[in-house]
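Accompanying notes for the structure given below.
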Amino acid sequence: MKVMCSVNPGHCTLIKYIFLLLIIINLGLNTAESVWPLPQIFIPSSERYQLKPQSFSFGYRRYLDAKYSCSVLDAAFKRYFSILFPGYSYGNDTLQLSENEVFTLTISLDRHDCEGYPNQDSSEKYKLSVFAGQASLNAETVWGSLRGLETFSQLVYQDDFGSYYINKTEIEDYPQFNYRGILLDTSRHYLPVQAILKTLDAMAYSKFNVFHWHLVDDPSFPYQSHKFPDLSNKGAFHPVTHIYTQSDVRRVISYARMRGIRVLPEFDSPGHTQSWGKGQSELLTPCYRRGSPSGTFGPVNPTLPSTYQFMASLLKEVASVFPDSYIHLGGDEVDFSCWRSNPYIRAFMHKMGFGLDFSKLEAFYIEKIVNITSVLRKTSIVWQEVFDYHERHRFLSVVEVWKQGCYLCEVRSVVKAGLRVILASPWYLDQPGPTHNWARYYNVWPLAFKGTEKQKSLVIGGEVCLWGEYVDATNLSPRLWPRSSAAAERLWSNEKQTSCVERAFPRLQEFRCKLLRRGIQAEPLYVGHCKHEYQSV
């Protein structure tokens with residue numbers, strides 16, 4: 001019986017749903033179909049092979065030998081061995097075994113790129129073949145091999161007696177979108193480094209590849225700058241306990257790199273900068289009331305040369321600390337009321353011919369900041385207001401669409417202007433609605449707008465945004481997982497193969513159990529249980 005399902009999950013009948021569940025339960029979810037996100041091409045089989053920790057090994061082929069070691073893969077082998085066989089350590093407990101008792105996963109790379117960082121053009125394509133006594137994993141880059149290792153780890157399962165097995169499988173896989181991100185906000189609540197590292201682990205399990213670090217905002221400035229130490233000394237919640245030192249930042253970047261994840265910093269301005277003003281005098285605009293300063297401050301003052309000197313110095317430092325070629329400059333939710341109240345701002349606008357259109361003043365500021373980052377050889381990302389308010393778009397590169405409403409209309413407008421797009425609107429996890437409703441994040445179609453293939457190719461991906469008003473380390477993981485994984489499959493997998501919530505549910509439920517076993521406190525999807533649900537939680 002072939003179970004059909006339309007894009008609208010309500011069109012799946014209850015009978016088909018129950019029938020599908022029975023099939024999956026009968027198969028034990030022990031095929032490539034248990035992988036999350038779903039591979040592009042897979043050929044599962046009922047033929048299975050037993051794996052033993054004492055006789056399992058990883059191997060190298062092509063460019064990877066004693067002469068060309070790969071630290072990224074060496075570290076991944078240790079991580080994934082512990083994931084495959086909890087309680088065992090890689091390289092220990094070896095026995096003298098015959099050749100037919102050994103199972104080896106052999107890795108080959110088309111390019112030896114183990115020393116660099118993942119970037120926007122990095123290939124994550126891989127081929128995985130599992131057959132008797134061995135498996136082969138071929139990838140164009142080391143980053144693709146990491147995705148293949150994750151897939152392999154999800155194919156391994158235990159029977160009721162604790163023995164490990166893997167089924168004969170053929171997989172060819174690659175992401176639909178190159179940019180698959182998660183935004184964490186560390187200004188509204190400080191997130192300890194360990195909580196960020198745990199999130200990076202979970203991101204790798206779901207094949208996310210960009211950590212968008214919204215480091216600073218109105219409430220606090222936790223980034224410790226060497227050039228401007230007062231920014232965190234005076235702007236952080238606490239100058240010692242609630243900051244990210246340069247060492248902390250390097251640790252996060254290194255940890256992410258070993259998992260094939262880019263770290264993209266955001267320093268949002270000219271709005272969302274109240275904490276900046278505590279440590280940098282004359283940066284923010286003095287607000288006026290009845291012709292006199294009110295003692296309050298608004299957005300960054302875009303009329304002073306000192307503003308751009310400061311921003312150039314800060315961004316130069318940021319560019320040297322964060323190796324990724326992208327940097328997020330923000331530009332959203334600028335409150336014009338303070339600018340409007342300030343007589344010097346109004347005089348500047350009259351001189352520039354802006355009239356009373358304060359969106360032109362914001363565009364003037366953002367263009368200067370984008371030019372600064374261009375000199376630093378960084379690609380700028382801005383929130384969609386910058387595109388909406390700016391008449392000239394040639395200086396822009398990447399626009400992140402975040403507002404609710406007809407977000408695909410906005411995507412279409414941006415790509416028609418020839419600019420790249422990151423879609424965030426449908427994946428705001430802090431929006432109202434039942435937290436268990438993961439399907440709302442799954443039933444998103446980023447390319448469902450009228451446009452040419454060239455225009456649709458400008459949609460480089462999307463990201464889940466978890467803002468920090470009501471999130472700290474105590475509830476970070478259950479807020480993110482497994483709902484973020486729904487977006488992960490949408491950004492990785494083939495749309496036609498993943499168009500039905502009912503088909504996805506058993507796999508996501510199984511994946512949630514895998515997350516629990518790996519120590520990720522992912523909230524339940526519905527009634528049920530996991531075999532190992534309390535062992536690592």
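The values are calculated or read from the model by the stated rules, or taken from the named source; none is laboratory data. As the structure is a prediction and not an experimental result, all values here were calculated from the model. Cβ sites come from the backbone with ideal geometry, for glycine too, and all protein chains shown count toward neighbours. These accessible areas exclude ligands, DNA and RNA; they are computed on the full protein's heavy atoms, side chains included. Shrake-Rupley method; radii C 1.70, N 1.55, O 1.52, S 1.80 Å.
Details
- Residue among T452, T474 that is under 28 Å from A195 (Cα atoms), open to solvent by 50 Å² or more (accessible area, probe 1.4 Å) and modelled with pLDDT of 95 or more: T474
- Residue in segment 314-326 that is of a type in the set (S, T, Y), free of Cβ contacts under 8 Å to residues at least 60 places away in the same chain and out of contact with any Cys (no Cβ under 8 Å at 6 or more places or on another chain) present: yes
- Filter result for Y288 (touching a residue at least 12 places away in the same chain (Cβ under 8 Å), over 29 Å from I253 (Cα atoms), among the hydroxyl-bearing types (S, T, Y) and surrounded by fewer than 15 Cβ atoms within 10 Å (Cβ to Cβ)): no
- Matching residues, segment 404-414, being over 22 Å from the mean Cα position of the chain (by Cα) and in contact (Cβ under 8 Å) with a residue 40 or more places away in the chain: C409, R412
- Counting residues in segment 386-403 that are surrounded by 21 or more Cβ atoms within 10 Å (Cβ to Cβ), in contact (Cβ under 8 Å) with a residue 40 or more places away in the chain and assigned to a helix (DSSP H, G or I) gives one or more.
- A522, sole failed condition from (1) within 18 Å of the chain's Cα centre (by Cα); (2) in a helix (DSSP H, G or I); (3) of a type in the set (A, V, I, L, M, F, W, C): (2)
- Only one of H328, H272 that is open to solvent by 20 Å² or more (accessible area, probe 1.4 Å) and either within 26 Å of S247 (Cα to Cα) or not aromatic (F, W, Y) (or both): H272
- Given (1) open to solvent by 10 Å² or more (accessible area, probe 1.4 Å); (2) assigned to a loop (DSSP other than H, G, I, E, B); (3) of a type outside the set (V, I, T); (4) farther than 30 Å from S206 by Cβ, index of the condition S294 fails: (2)
- For segment 199-213, a tally of residues being farther than 17 Å from T186 by Cβ and either among the small types (G, A, S) or not in a helix (DSSP H, G or I) (or both) returns 5.
- Residue that is nearest to the chain's Cα centre (by Cα) [pool: residues in segment 166-216 that are small (G, A, S) and closer than 28 Å to V240 by Cβ]: A195
- Checked against the criterion of being within 19 Å of the chain's Cα centre (by Cα), among the small types (G, A, S) and either at pLDDT 95 or above or in a helix (DSSP H, G or I) (or both), segment 331-346 has no qualifying residue.
- Unmet requirement for V464, which otherwise passes all of (1) within 23 Å of Y407 (Cβ to Cβ); (2) in a loop (DSSP other than H, G, I, E, B); (3) among the aliphatic types (A, V, I, L, M): (2)
- When T452 is tested against the conditions (1) under 27 Å from V382 (Cα atoms); (2) in contact (Cβ under 8 Å) with a residue 24 or more places away in the chain, the lone failure is (2).
- With respect to the conditions (1) without any contact (Cβ under 8 Å) to a residue 12 or more places away in the chain; (2) in contact with a helix residue (DSSP H, G or I) (Cβ under 7 Å, 6 or more places away or on another chain), V240 falls short on a single one, namely (2).
- Number of positions in segment 368-385 that are surrounded by 15 or more Cβ atoms within 10 Å (Cβ to Cβ) and part of a helix (DSSP H, G or I): 7
- Within segment 479-501, considering residues that are in a helix (DSSP H, G or I) and open to solvent by 40 Å² or more (accessible area, probe 1.4 Å), the one nearest to W445 (Cα to Cα): K496
- Qualifying residue in segment 147-156 (condition: farther than 19 Å from R79 by Cβ and among the hydrophobic types (A, V, I, L, M, F, W, C)): no
- For segment 156-164, the criterion of being modelled with pLDDT of 95 or more, surrounded by 18 or more Cβ atoms within 10 Å (Cβ to Cβ) and either basic (K, R) or not in a strand (DSSP E or B) (or both) is met by at least one residue.
- If you go through segment 411-430 and keep only what is within 18 Å of S380 (Cβ to Cβ), out of contact with any Pro (no Cβ under 6 Å at 6 or more places or on another chain) and not in a loop (DSSP other than H, G, I, E, B), you end up with V414, V415, R420, V421, I422.
- Residues of segment 130-155 satisfying the condition of being more than 24 Å from V459 (Cα to Cα) and open to solvent by 20 Å² or more (accessible area, probe 1.4 Å): F131, A132, G133, Q134, S136, N138
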